[in-house]
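Structure first, commentary second.
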């Protein structure tokens, strides 16, 4: 899907850790099963795979990023028998799961970044009782664009059940890994006083992504 005429995009991010004793064949089957969900009607875009680089106190190993045109479509995806089957099959090999969902502040020009693209996903745990003004400042700082970023979205997490307190998230896609490597982290000095925790995940869209 090269471009979009959507009025809204829902970003869905899932991070999880595969248990240490799981063999590579099982992990490959898991990744292929997750990537296969990209063909579901409700899914505008989905990529899944191992994390390229992680900046977090948590030991996540894999990530799924997908996009939907509405919360209803996201809910339909979550309840879809194929998705339920994949989760049922591989949940026993997962240790830690964190999910964040948000309405993107704008619709990306390209809904499905091409294979070889690189993504940086930033999850922020904002301190309690932070003012709305401070929350807006956080989003502005996270979204400060630099050369190499093809697209970036930001929003407030509405998945309070699986979000583990992470209330703000951002997704930035780059043309390739090289462009992402030269990108600087958002300026924590500007908003660090408002944050309890930060997770930054980097991934590369595989050539077999649908």
Task: residue 134 being over 16 Å from the mean Cα position of the chain (by Cα), surrounded by fewer than 19 Cβ atoms within 10 Å (Cβ to Cβ) and either under 15 Å from residue 201 (Cα atoms) or at pLDDT below 90 (or both) - done: yes
Open item on the list: Yes or no: the range 183-203 includes at least one residue that is exposed (fewer than 14 other Cβ atoms within 10 Å of the Cβ), in contact with a strand residue (DSSP E or B) (Cβ under 8 Å, 6 or more places away or on another chain) and under 20 Å from residue 51 (Cβ atoms).
Closed with: yes
- [ ] Give the number of residues within the range 122-131 that are touching a residue at least 12 places away in the same chain (Cβ under 8 Å) and either surrounded by fewer than 21 Cβ atoms within 10 Å (Cβ to Cβ) or in contact with a helix residue (DSSP H, G or I) (Cβ under 9 Å, 6 or more places away or on another chain) (or both).
- [x] 6
TODO: Please go through the range 2-39 and pick out each residue that is over 19 Å from residue 201 (Cα atoms) and touching a helix residue (DSSP H, G or I) at 6+ places or on another chain (Cβ under 6 Å).
DONE: 22, 30, 33, 37
Task: Neighbours by Cβ (under 6 Å, 6+ apart or cross-chain): first from the range 175-197, in contact (Cβ under 8 Å) with a residue 40 or more places away in the chain; second part of a loop (DSSP other than H, G, I, E, B) - done: 176/116; 179/148; 183/146; 183/148; 194/127; 194/130; 196/127
- [ ] Would you tally the residues in the range 72-107 being within 24 Å of residue 122 (Cα to Cα) and buried (at least 19 other Cβ atoms within 10 Å of the Cβ)?
- [x] 7
- [ ] Please specify each residue of the range 51-101 satisfying the condition of being assigned to a strand (DSSP E or B) and free of Cβ contacts under 8 Å to residues at least 60 places away in the same chain.
- [x] 62, 64, 66, 67, 68
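The values are calculated or read from the model by the stated rules, or taken from the named source; none is laboratory data. If you're wondering where the values come from, they're calculated on a predicted model, not measured in any experiment. Cβ sites come from the backbone with ideal geometry, for glycine too, and all protein chains shown count toward neighbours.
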